[in-house]
Structures are given as structure tokens and as C-alpha cells.
Amino acid sequence: MRLAVFGDIHGNLPALRAVLEDLQAQGADERLCLGDVVTGGPWPGECLREVAALGCPVVRGNADRELLGLPVPFRDRGFPDERELYDQERWSAARVTAAGRGIVAGFLDTATFPDLLAFHGSPERDDEVLEAQTPEGRLAELRAAFGTAPVWIGGHTHRPLLRTLEGWTLLNPGSVGLPFEKRGGVYMNPARAEYLLLDRVPGGWQPTFRRVPYAVEEIRQGFRTSGIPHAEWAAAGWVPG
């Protein structure tokens, strides 16, 4: 069995289609989406429809949850680009139909496969950050509360991760639609779609991290023609993968 795991799409249709084409070419038998499908990018409804058409389990991300809630007024917390990101998320959310919101409402808290537990941030909170620096004590607390499946896989950080502790593995596939890296001291979004293949082998799952490039002009032009706020600012942040 080959399982393709992907998430953090954030309304980026060219990236999503690049992943779906690649995982089909790689012979994936099953698919699992870790959420944050819609908000932030130029194609919110299109991405939601394509994921829904797969018929695969979809875990609810923090952005998916926020999409279903009442609009929260902007609050300046002193983070870079906070206003721009807020405006783009509200624009995306406003373009999701009632039927689309019904689809998002059906996303799962967690999903399971044999020997595998999947979630967005953590199994306790969809906005919790689990990363290489997360204290082992916190991971032990979560495992005591949510079971001892030998493989856990989550999203939210937009950074690929493979962390192993005493025979237990924590994975993150990275981000389909909004990866980031520092170039010349500035954070940029490379036009590559990140996801993970998991092969069922004797004794567990074997991970393979995938990075699929696509044309950077597709995402730049998507911002410029969509009507999303701050389109030129967003387009300038994308670079070849």
C-alpha cells in the first residue's frame, strides 16, 4: 500500500494540481489531506472542490476551523505582513459558498490508518506547533492522551519533518500551497508543492518526501487576476522552486 499525504494548500490551485498529478504518477493507492485547504490564496473554491472530489479523508486545519466561525476583527499584534494576510484570508473565506462550508464542516478532527494517526497541528489542538524542538515531555503527554500509534503525521508548520524517538516517528509533509524558505535574508515562497509518500512495509511505514516544481508565473498571475487584496505584494513573494 502506498499512501500520499498532503496538506496546507491555502487556495493554491497550480500547486494542488501538481501534487495530484505527481502522486498519480507515483502510484499512490490512498490519499490523506491534512487540511487548511482554502484560505489565503486566489483559488479557494476551486481547491475545495478538487479535494472534495478525491473522496479521501480530510483533517480539519486551524484555517478551516476559522473559516467556519464568525469573522474576527483585525488585531495588530506586531507581526510582519499581518494586515495583508488578514485581508487575504477574509477575501478567501467570503468566496466559499454555503455548500462549500458544509464540506469543510465535515472535515475530521483526526484520521487513522493502520499504525498511523494523522492530525493538523496536534491531536489536541489544530494550531499547536509540533516540530524538531518540541520538548519530549510534551510529546509524551500527547501520546499518553491520544494513543501510541508508531507513526504520527501532522501539518500546520509548512515545514517537512522526520523526527524519531524510541521507535516512534513524527512526520510532517510540508506544504502544498505555501512553503517558505529564507533567501538573501528574506522569507520567500518557492513555487514547489511538498507532500509525502508512505509505503507500507514489514514493521511499519517508509516515508519518501516529494517536492514538485511548477511554473511560478501561474501563482503570480493567479494573484494578479483574482481580485484578492494586496495582489502585487503577494505575487512578489513567489520565486521559482
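The values are calculated or read from the model by the stated rules, or taken from the named source; none is laboratory data. Quick caveat: nothing in here was measured; it's all calculated off a predicted structure. Glycine gets a Cβ as well: all are built from the backbone with ideal geometry, and neighbour counts include every protein chain shown. With ligands, DNA and RNA removed, areas are computed over all heavy atoms of the protein, side chains included. Shrake-Rupley method; radii C 1.70, N 1.55, O 1.52, S 1.80 Å.
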> Within the range 174-193, which residues are in a strand (DSSP E or B) and in contact with a Lys or Arg (Cβ under 8 Å, 6 or more places away or on another chain)?
Replying inline: Met188, Arg192, Ala193
> Where residues in the range 48-105 are of a type in the set (Lys, Arg) and farther than 22 Å from His120 by Cα, which of them is least open to solvent (accessible area, probe 1.4 Å)?
Replying inline: Arg83
>> Among the residues that make up the range 31-54, is at least one of them more than 20 Å from Ser175 (Cβ to Cβ) and not in a helix (DSSP H, G or I)?
In response: no
> How do the pairs read when you match residues in the range 137-162 that are within 17 Å of Arg211 (Cα to Cα) with residues anywhere that are of a type in the set (Lys, Arg) and part of a strand (DSSP E or B), using Cβ under 9 Å and keeping only pairs 6 or more apart or on different chains?
Replying inline: Pro160/Arg211
>> Looking at the range 67-107 only, could you name the residues that are part of a helix (DSSP H, G or I) and among the charged types (D, E, K, R)?
In response: Glu82, Arg83, Glu84, Asp87, Glu89, Arg90, Arg101
> Which one of Ser122, Ser226 is in contact (Cβ under 8 Å) with a residue 24 or more places away in the chain, surrounded by 20 or more Cβ atoms within 10 Å (Cβ to Cβ) and not hydrophobic (A, V, I, L, M, F, W, C)?
Replying inline: Ser122
